[in-house]
Amino acid sequence: MRDLVLLGSTGSIGTQAIDIVRRNPESFRVVALGAGGGNVELLAAQALELAVEVVGVARSSVVQDLQLAFYAEAQRRGWATGDFKLPKIVAGPDAMTELARQPCDVVLNGVVGSLGLAPTLAALEEGRILALANKESLVAGGPLVHRIAKEGQIVPVDSEHSALAQCLRGGSAQEVRRLVLTASGGAFRGRRREELTNVTPDDALKHPTWDMGPVVTINTATMVNKGLEVIEAHELFGVPYDDIEVMVHPQSVLHSMVEFTDGSTLAQASPPDMRLPIALALAWPDRVPGAASGVDWREAHNWELRPLDDEAFPAVRLAKHAGRSGRCLPAVYNAANEECVAAFVAGRLPFLGIVDTLERVLEAAPGFAEPSTVEEVLAAESWARAQAQQMIATAAKGA
């Protein structure tokens with residue numbers, strides 16, 4: 001039995017993790033839940049169903065709403081007042097960090113954005129196994145994470161990095177020639193740069209395979225998401241950027257591959273279902289039987305792999321540049337992109353302007369030092385956001 005703390009419990013990763021717990025009560029017990037506070041009704045329902053001891057919300061203003069949601073959920077379940085114990089509530093910007101320090105075996109960090117960095121560091125400092133779905137922890141805070149993480153303490157949740165971790169079991173680190181991350185290609189795979197001039201946010205949100213939030217979906221359309229994953233793969237596995245490749249794989253069945261020095265390649269294949277990598281991260285190194293459906297090997301399959309078009313989608317090249325440069329440039333890459341995506345959704349920036357502006361922000365970055373604190377990472381991100389906003393405003397005036 002493993003005790004779990006789930007951060008980001010009302011999001012996609014969190015709800016699927018709870019589904020796994022629900023189907024495997026003999027293997028997992030949730031002791032604490034944390035969420036931003038945008039859906040207190042769901043958070044209350046999760047907390048009472050799982051009988052958790054502590055619930056956290058990042059927004060202090062919703063504490064009263066959460067308390068009322070507890071009573072409403074208890075009433076819906078037919079529980080009389082006094083027949084159930086209310087969980088302890090922690091609230092505020094440090095709530096997720098406090099939860100990450102709760103006694104447990106595994107902390108699942110499904111927090112979105114750089115707010116996930118502090119909880120990651122807290123979980124590692126407490127010696128917990130960290131099931132990591134928060135890219136920003138490694139992209140923005142890689143140097144901070146590596147100072148305290150012990151070998152094997154971080155288990156990736158992203159399907160691509162989970163696939164790489166599984167394939168890497170097939171050989172030693174010295175036998176690895178390169179990592180190959182697969183990409184669905186997003187809504188615009190196969191299009192040339194000139195065909196992306198007038199695409200809209202609605203176009204970019206039509207992902208052909210995965211059901212994700214709007215920012216991640218647009219990031220898959222620009223390939224920024226894959227750029228972030230390249231940085232994350234480098235930070236997780238220590239493979240040089242020159243030895244990390246990206247291939248477009250529309251079927252999203254081959255989740256990533258490892259090529260070894262003898263010429264053999266191991267690939268991890270499964271239908272697109274995040275419950276598999278989530279379950280594996282919670283139980284690592286063991287597998288959870290029936291976590292997800294496997295490939296039906298009685299059927300014929302046609303799986304396509306093709307190189308990434310770097311001219312149409314230069315985001316991966318820029319991510320490698322940021323990663324090689326080190327210091328705070330990966331944090332700058334991530335934060336500037338978030339501002340550009342918001343401007344695109346608001347109609348203030350064309351689609352191609354997202355990565356074009358991102359490149360200009362990277363070029364303008366001052367000589368940041370290697371970050372030694374969370375505050376230094378956040379300061380670099382703040383600079384990047386302001387720089388991106390200024391460039392977007394200037395471009396709009398000149399349009």
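Rule-based calculations on the coordinates, nothing more; no lab input. Keep in mind it's a predicted model, so treat the numbers as computed, not measured. Neighbour counts run over all protein chains shown; Cβ positions are idealised from the backbone, glycine included.
So here's what we get for this one:
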| item | result |
| --- | --- |
| About the Cα centre, charge dipole magnitude for segment 1-138 (Lys/Arg +1, Asp/Glu -1 at Cβ), debye | 160 debye |
| Choice from ARG22, ARG298, ARG287 showing the highest fluctuation, given a GNM over the chain with Cα pairs closer than 10 Å | ARG298 |
| Protection-proxy order for peptides 388-394, 216-222, 130-136, 365-371, each taking the mean of Cβ atoms within 10 Å per residue, highest first | 130-136, 216-222, 388-394, 365-371 |
| Rough spin-label spacing in nm, given labels placed 7 Å along Cα→Cβ, for GLU125 and ARG324 | 3.5 nm |
| Extension gain (nm, one decimal) between SER61 and ARG169, 0.36 nm per residue minus Cα-Cα | 34.3 nm |
| Extension gain (nm, one decimal) between GLN75 and ARG147, 0.36 nm per residue minus Cα-Cα | 21.2 nm |
| Of PHE260, PHE313, PHE84, the one that fluctuates the most in a GNM where the chain has Cα springs shorter than 10 Å | PHE84 |
| P(r) tail fraction, segment 2-156 - alpha-carbon pairs more than 22 Å apart, % | 37 percent |
| Partner lysines for LYS206 [C-alpha distance under 21 Å; skip if fewer than 8 residues away on the same chain] | LYS226 |
| Over 13 Å [Cα-Cα, segment 107-170], rounded percent | 59 percent |
| Inter-centroid distance (Cα atoms) of segment 327-373 relative to segment 182-258, Å | 17 Å |
| Two-site label geometry, VAL295 and GLU195: point separation in nm, points 7 Å out along Cα→Cβ | 2.7 nm |
| Degrees, to the nearest 10: 12-23 long Cα axis against longest axis of the chain | 50 degrees |
| 5 angstrom amide H check on LEU349, placed H, neighbours 5+ away | PHE344 |
| Fraction in percent of alpha-carbon pairs per bin - 20 Å, the chain | 27, 58, 15, 0 |
| THR394-ASP310 pseudo-label distance in nm [points 7 Å out on the Cα-to-Cβ vector] | 2.7 nm |
| Antiparallel %, DSSP beta bridges [both residues in the chain], to 5 | 30 percent |
| Mean ellipticity per residue at 222 nm, deg cm²/dmol - from DSSP H runs of n ≥ 4 across the chain, formula -39500 (n - 2.57) | -13500 deg cm²/dmol |
| Part-to-part distance (alpha-carbon centres) for segment 19-46 and segment 300-320, which is given in Å | 36 Å |
